[in-house]
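Okay, so here's the structure we're looking at.
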Amino acid sequence: MENHEFMEEMYEAAVKQLRTIVFEINYITGQKYCSPLFRECFGVDTIQNENFMEDPATDGIVYEEDVELYRTLFANRKGEQTVTCRFVTKSGTTSWYKIVLQYELQESGEVAKVIGTMKDVSDEIRSSAALRYRQDFDALTGAPNTERFNEEVTRLLIWDNGHHHAMIVMDIEKFKVINDLFGMRVGDLVLIHLADALKETVASPNTYCRMHSDVFCICIMYETKGDIIRFIEKLKKKIEANKFDFDIKTSYGVYLPGENNSLAVNLMCDRAALAKKSIKDSAMQFCAFYDEEYRNEMVKNTQIELEMEQALKERQFVMYLQPKFDLESREIVGAEVLTRWNHPTKGMIQPNDFIPLFEKNGFILKLDEYMWEEACKAIQGWRKTGRREFPVSVNVSRFHIKNRNIEQVLEKLLSKYDLSPGALSLEITETMFFDNSDKLYYLLKRLQEMGFRLEVDDFGSGYSSLNMLRNIPVDVIKIDKGFLDDTLTSEKGKIVIRHTIAMAKELQLQIIAEGVETTEHVDFLRGSHCDVAQGFYFARPMPLEEFNKLNF
């Protein structure tokens, strides 16, 4: 009895220190002990059976949804068995308890004694759940984050590979403008609105996440492409139905894995994002499907961008010259600088494969200035060998107008090679006059006053050519090949070109026809009093070494 009293005192001390329920059932002696904390929590004095569900007094304390989990405690009645599940307290609330049963067996294998402990771990569970939530969900919007999304999509593709799945990436058109005009807080509310719309629209097992900023990714099952479009339209309408004082426009890119669902989830999202990029800021289109050819083009462009700086250092860019001929004397009266890329492994890369990209990413600044210097070297070389000098045309991009002090750059270059401004003709494309015209006109006037010849390239490719001639300070207009081809097919077209040439001459502008390829072209241009022509009829573009073999 003294030992039993000592045992009770020991258990009670443990309960007070650890807030742990302790109970013991001795199946040999029939003695039972239950610490007072059990009654305090559950309103039951004594534990008659370690399996609460086999005693009417304790049967109701096991939370109904966790019954199956609780029963795993008794699958093997030996050693130590542990489970964490929910119990209903005497106040009717639900709490998480970690319950541990320690079995002592007789030699026969029958249970001799079981000692149990129960500890309320609700705070730890809640902390763990909160931590898990922070790990899995975006703090601002409550949307799943990319890590959780990747896990869910991976399971979805494996578990449900009999269905078609679509990966959709969406973002907000001009989201930065919303932040700038209305503030970051309003921008945050817009993102929360998007997440709420997704939560209402994306039904399980489909899933979604906030990737970053205003970019969200969605994975849905579908039968036909029409299902995808209908889903996007439904989501788009829900997003556009809001209380903000401005419109929220979204764009979508779709990637269809098809049989290739082994591709990493992040790569699927990248491909959907690539599709979306192809229609970014388009007023006519809000959704695009991934296209392998577009991806190949992007991969090719990325490779070019990785190599362009090194190519410039290694002088892989080569200056080609196309001579310009006087239509009456057939003498060379000028040359146009063109660029070729002589790649060490890919061979000669044509301008159309890299110039448009360089005009987008700004590298055209460096390339143009490199070609300007190559032209100056060539002119200096002709002077030293007593060759006849004539102006060489070089390209000036819109980047120079916006981002560079072009006067200083040109002055420094001419000084280096001891050349006058008249050695260079500066080509400006006609379409450039539609942007920032005041600044452009002022700059052209300054360059003209410095002594540079100014040429309008691709004349006739725009929509206001004739009107433009009234004001722009230029010396030469170059009739675009396309304009020449189109107008020569009809008498009305020929009249347009004749009058364009006549009007330019009255304005004291020189006329150069580009893309002259046939005898018909030459005869018509001579009859129309055009001054100069260049094109395959006379000579193709050629490297400097070959150009130097010409008679000039």
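The values are calculated or read from the model by the stated rules, or taken from the named source; none is laboratory data. As the structure is a prediction and not an experimental result, all values here were calculated from the model. Cβ atoms come from the backbone with ideal geometry, glycine included; neighbour counts cover every protein chain shown. All accessible areas refer to the heavy atoms of the entire protein, side chains included, with ligands and DNA or RNA removed. Shrake-Rupley method; radii C 1.70, N 1.55, O 1.52, S 1.80 Å.
Looking at this structure, is Glu307 modelled with pLDDT under 95 and in a helix (DSSP H, G or I)?
When the stated conditions are applied, Glu307 passes them.
Hey, any hits in the stretch 503-520 for a residue that's open to solvent by less than 50 Å² (accessible area, probe 1.4 Å) and among the hydroxyl-bearing types (Ser, Thr, Tyr)?
No: the stretch 503-520 contains no residue that is open to solvent by less than 50 Å² (accessible area, probe 1.4 Å) and among the hydroxyl-bearing types (Ser, Thr, Tyr).
Which one of these does Asn266 not meet: (1) over 19 Å from the mean Cα position of the chain (by Cα); (2) under 30 Å from Ile192 (Cα atoms)?
(1)
For the condition of a type outside the set (A, V, I, L, M, F, W, C), outside any strand (DSSP E or B) and within 53 Å of the chain's Cα centre (by Cα), what is the one hit in Gly109, Gly60, Gly92?
Working: Gly109 fails: within 53 Å of the chain's Cα centre (by Cα); Gly60 fails: within 53 Å of the chain's Cα centre (by Cα).
Among Gly109, Gly60, Gly92, only Gly92 is of a type outside the set (A, V, I, L, M, F, W, C), outside any strand (DSSP E or B) and within 53 Å of the chain's Cα centre (by Cα).
Considering only the stretch 428-441, I want to know if a residue exists there that is under 25 Å from Phe547 (Cα atoms), of a type in the set (Phe, Trp, Tyr) and open to solvent by 30 Å² or more (accessible area, probe 1.4 Å).
No, the stretch 428-441 contains no residue that is under 25 Å from Phe547 (Cα atoms), of a type in the set (Phe, Trp, Tyr) and open to solvent by 30 Å² or more (accessible area, probe 1.4 Å).
Could you tell me which residue of the stretch 503-532 is nearest to Asn471 (Cα to Cα), considering only residues that are in a helix (DSSP H, G or I) and among the acidic types (Asp, Glu)?
Glu506
Hey, can you tell me all the residues within the stretch 349-377 that are modelled with pLDDT under 95, under 30 Å from Asp418 (Cβ atoms) and aromatic (Phe, Trp, Tyr)?
Phe358, Phe363
Please give the number of the condition Met170 fails out of (1) open to solvent by less than 70 Å² (accessible area, probe 1.4 Å); (2) over 30 Å from Leu235 (Cα atoms).
(2)
Looking at (1) farther than 21 Å from Arg19 by Cβ; (2) open to solvent by 30 Å² or more (accessible area, probe 1.4 Å); (3) modelled with pLDDT under 85; (4) touching a Ser or Thr at 6+ places or on another chain (Cβ under 8 Å), which is the only condition Leu131 fails?
Evaluating Leu131 over (1) farther than 21 Å from Arg19 by Cβ; (2) open to solvent by 30 Å² or more (accessible area, probe 1.4 Å); (3) modelled with pLDDT under 85; (4) touching a Ser or Thr at 6+ places or on another chain (Cβ under 8 Å) leaves (4) as the failure.
Given (1) over 21 Å from Val121 (Cβ atoms); (2) open to solvent by less than 40 Å² (accessible area, probe 1.4 Å); (3) small (Gly, Ala, Ser), identify the lone condition not met by Gly30.
With (1) over 21 Å from Val121 (Cβ atoms); (2) open to solvent by less than 40 Å² (accessible area, probe 1.4 Å); (3) small (Gly, Ala, Ser) applied to Gly30, the lone miss is (2).
Looking at Glu297, Glu233, which is the one that is more than 21 Å from the chain's Cα centre (by Cα) and farther than 30 Å from Phe524 by Cβ?
From the options Glu297, Glu233, the qualifying one is Glu233.
When you look at Thr500, is it in a helix (DSSP H, G or I), at pLDDT below 90 and polar (S, T, N, Q), yes or no? So that I can check it myself, show each step before the final result.
Working: in a helix (DSSP H, G or I): yes; at pLDDT below 90: yes; polar (S, T, N, Q): yes.
Spelling it out, Thr500 is indeed in a helix (DSSP H, G or I), at pLDDT below 90 and polar (S, T, N, Q).
Filter the stretch 249-261 down to the residues that are in contact (Cβ under 8 Å) with a residue 12 or more places away in the chain, in a loop (DSSP other than H, G, I, E, B) and out of contact with any Leu (no Cβ under 8 Å at 6 or more places or on another chain) and list them by number. Please lay out each step first, then the result.
Restricting attention to the stretch 249-261, the residues satisfying the condition of being in contact (Cβ under 8 Å) with a residue 12 or more places away in the chain are 249-258, 261.
This time we only want the ones that are in a loop (DSSP other than H, G, I, E, B), so: 249, 256-258, 261.
Those that are in contact (Cβ under 8 Å) with a residue 12 or more places away in the chain, in a loop (DSSP other than H, G, I, E, B) and out of contact with any Leu (no Cβ under 8 Å at 6 or more places or on another chain): Lys249, Leu256, Gly258.
Step by step: first the residues of the stretch 319-348, then only those that are of a type in the set (Asp, Glu) and outside any loop (DSSP other than H, G, I, E, B), then the one that is surrounded by the most Cβ atoms within 10 Å (Cβ to Cβ). Which residue is that?
Filtering first and then ranking leaves Glu336.
Quick one: Ala272 ticks every box in (1) over 26 Å from Arg210 (Cα atoms); (2) in contact (Cβ under 8 Å) with a residue 40 or more places away in the chain; (3) crowded, with 16+ Cβ neighbours inside 10 Å bar one, so which box is it?
Here Ala272 meets the rest and fails (1).
Right, Asn296: out of contact with any Phe, Trp or Tyr (no Cβ under 9 Å at 6 or more places or on another chain), modelled with pLDDT of 90 or more and closer than 30 Å to Ile220 by Cβ or not?
no
Restricting to the stretch 15-47, what's the tally of residues that are basic (Lys, Arg), under 16 Å from Tyr97 (Cα atoms) and modelled with pLDDT under 90?
Qualifying residue count, the stretch 15-47: 1.
Please state which of the following conditions Lys412 fails to meet, knowing it meets all the rest: (1) closer than 21 Å to Glu449 by Cβ; (2) modelled with pLDDT under 90.
(2)
For (1) open to solvent by 40 Å² or more (accessible area, probe 1.4 Å); (2) free of Cβ contacts under 8 Å to residues at least 60 places away in the same chain; (3) under 18 Å from Val22 (Cα atoms), each residue gets a yes or a no:
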residue	(1), (2), (3)
Glu50	no, no, yes
Thr58	no, yes, yes
Ile61	no, yes, yes
Asn76	yes, yes, no
Thr94	yes, yes, no
